[in-house]
Amino acid sequence: MTNTPHLINGQEVMPADSATAEVENPATGEILGNVPLASSAEVDQAVGAAKAAFASWRSVSLSRRVQILFRYRELLNARKDELAAIITREHGKVHSDALGEVTRGLEVVEFACNAPHLLKGSATQNASTGVDVRSGRHPLGPVAVITPFNFPAMVPMWFTPLAVATGNTVVIKPSEKDPSAVNWQAELWKEAGLPDGVVNVLHGGKDAVNGLLNHPDIEAVSFVGSTPVAQHVYETGTAAGKRVQALGGAKNHMLVLPDANLDQAADSAVSAGYGSAGERCMAISVVVAVGNIADELVEKIAERTRGLTMQGDNPDLGPLISRDHRDKVRGYVDGAEAEGAKLVVDGRTWSEADKTDAAFLGPTLLDGVTSEMAAYKDEIFGPVLSVVRAENYDEALELINSNQYGNGTAIFTRDGAAARHFEMEVQVGMIGVNVPIPVPMAYYSFGGWKNSLFGDSHAHGAEGVNFYTRGKVVTSRWGDPAEGGLELGFPQND
Ligand code: NAD
């Protein structure tokens, strides 16, 4: 058993009397160790360390910050297999998928290496006679980063590298279900030369989060998780006067028009629907088949789904995060069947055959799903793909726009005008055209609309830089003192 302590000011902290949670390997049910659940004393300790470190980190030169970032990038790249192994052990996703997650996180580190360019302000000479104006962006202070279980390495990397590069200090609160990836990353920051206290890891659940949201020394909060918690974080954090970006849940639709390449669409639906066992906020969970292609498309998806495996040396997908979650997902499949959906591929047989403590559920394909069914309305977050049939494009668009979520969506078509219309009309933040999982590159910003995001700022890219900094404008006059004189009128330009 290996415990995962808090890492505060470069030191491991695991109070003997702390409440703890068990960390489990969902592929076997084995208990891997315990993680402490922070009390308000540890919240204070972590925020105090971040506050103390901010006093000097904010003044460390950009050259030095970037040297550390480059070193971190190189270390992470060289050792990404280690991190992927930790992710697989605690989260359950297969190794290739875990490596993909690390690689996408690395891209944000690379983007953050641009800090000197990203933080360049602007300047105007002689705005008025002898008067110059310049603007710059300044760090906020200690910020909290609160992350979900499904990307235990990448989501922390959406925020931490940029927060640090822009001169802030961080208290990161990872999911208590798979907490070790963030400890491993924090140790790597130390190895890269980041001073103690700049990145602190605080473990825990609800109480730790609420402690951070109400702490007077936390300036901003970046949160990713389910919609109800995102809304709570946004409301509580902003009421406490903090800047908050809170990314929530999703229900991503893939619209397939009659002219689409159906083999490409079926490959994409299966990859994006069942990859990572559907536990991705950008997973496709609904395929909207438009017109007369539905039977053929469903058959193509079913054929590919039946070929997937969760066994052997090269599984396509792993278990869900826990048996409780597996049972919840199964419940949606049971419910959809009872409500009249057609079970084209029934993944429940996997969990029935599984007599161990693992949390496997096979890929499941439902056809004839309607917008009234719970399996359609709720975010299932499992390997369940629902096919909804639509008469025409307008009906499909209306379905997507009526959904409470607006994280990602994709259209499959060969018709450029239809794709452009979709891009303009759909109320979703991230759109793929013949691309099923349109996760923006690090130099663009990631975020959804509607109940998929509370707050104004998306993650990373230009919006990430703005989120972690505030602007200052300086107006200065260095003319000849002899030119001065009293002037009580409101300043005007000449
Ligand atoms: P979650 O909301 O249960 O937990 C997220 C974080 O909040 C964790 O650190 C957890 O400890 C904490 N938390 C949980 N309950 C809390 C409460 N009542 N009060 C305060 N804090 C609480 O989410 P999860 O199950 O870990 O992650 C899956 C969810 O995250 C899905 O809904 C998924 O769509 C979403 N997600 C969204 C994005 C995105 O970019 N929009 C990305 C990844 C995951």
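Residue-level check: of (1) within 30 Å of ALA85 (Cβ to Cβ); (2) of a type in the set (A, V, I, L, M); (3) within 16 Å of the ligand (Cβ to nearest atom), ALA358 misses just (3).
All of VAL286, VAL256, VAL298, VAL290 fail the test of being crowded, with 21+ Cβ neighbours inside 10 Å and within 29 Å of PHE149 (Cα to Cα), apart from VAL286. Here ASP207, ASP196 are screened, and the one residue that is within 15 Å of the ligand (Cβ to nearest atom), more than 28 Å from ILE437 (Cβ to Cβ) and acidic (Asp, Glu) is ASP207.
Out of GLU42, GLU74, one residue alone is loosely packed, with under 14 Cβ neighbours inside 10 Å, assigned by TED's automatic domain parsing to the domain that holds GLY141 and modelled with pLDDT of 95 or more. It is GLU74.
Where helices (runs of 4 or more DSSP H) fall entirely within the stretch 387-494, those with at least 1 residues that are of a type outside the set (Lys, Arg) and under 30 Å from HIS117 (Cα atoms) are at 461-467.
When PRO161, PRO152 are checked against the criterion of being assigned by TED's automatic domain parsing to the domain that holds HIS458, assigned to a loop (DSSP other than H, G, I, E, B) and touching a residue at least 40 places away in the same chain (Cβ under 8 Å), a single residue qualifies: PRO152.
Quick one: which strands (runs of 3 or more DSSP E) lie wholly within the stretch 218-297 and hold at least 2 residues that are away from the ligand (no atom under 14 Å from the Cβ)? Here the list reads 252-256, 284-290. Inclusion of ASP313 among residues that are assigned to a helix (DSSP H, G or I) and either outside the structural domain of THR28 (by TED's automatic domain parsing) or of a type in the set (Gly, Ala, Ser) (or both) is not warranted. When each of THR413, THR409 is tested for being outside the structural domain of ARG137 (by TED's automatic domain parsing) and either basic (Lys, Arg) or within 15 Å of the ligand (Cβ to nearest atom) (or both), the lone residue that passes is THR409. When each of ALA462, ALA418 is tested for being at pLDDT 95 or above and either hydroxyl-bearing (Ser, Thr, Tyr) or under 21 Å from LEU297 (Cα atoms) (or both), the lone residue that passes is ALA418.
Quick grid of which residues meet (1) under 21 Å from ILE437 (Cα atoms); (2) in contact with a helix residue (DSSP H, G or I) (Cβ under 7 Å, 6 or more places away or on another chain); (3) among the basic types (Lys, Arg):
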position	(1), (2), (3)
GLY105	yes, yes, no
ALA127	no, no, no
PHE149	yes, yes, no
PRO152	yes, yes, no
VAL155	yes, no, no
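A single member of SER63, SER96, SER56 is of a type in the set (S, T, N, Q) and within 19 Å of LEU320 (Cα to Cα), and it is SER96. Elements of the type strands (runs of 3 or more DSSP E) sitting completely within the stretch 1-75 and holding at least 3 residues that are of a type outside the set (Asp, Glu): these cover 6-8, 19-24, 31-37.
Only one of the numbered conditions (1) of a type outside the set (Ser, Thr, Tyr); (2) assigned by TED's automatic domain parsing to the domain that holds HIS460; (3) buried (at least 24 other Cβ atoms within 10 Å of the Cβ) is not met by CYS281, and that is (2). Among residues of the stretch 405-429 that are on the phi < 0 side of the Ramachandran plot and surrounded by fewer than 19 Cβ atoms within 10 Å (Cβ to Cβ), those with a beta-carbon under 6 Å from a residue that is among the small types (Gly, Ala, Ser) and modelled with pLDDT of 95 or more at least six positions away or on a different chain give the pairs GLN427/GLY406. Restricting attention to the stretch 150-177, the residues being near the ligand (Cβ under 9 Å from one of its atoms) and farther than 15 Å from GLU107 by Cα number 6. For ALA240, the criteria (1) surrounded by fewer than 17 Cβ atoms within 10 Å (Cβ to Cβ); (2) closer than 30 Å to ALA302 by Cα hold in every case but one, which is (2).
The values are calculated or read from the model by the stated rules, or taken from the named source; none is laboratory data. Note that this is a predicted model, so its numbers are computed, not measured. We place every Cβ from the backbone using ideal geometry, glycine too, and count neighbours over all the protein chains shown.
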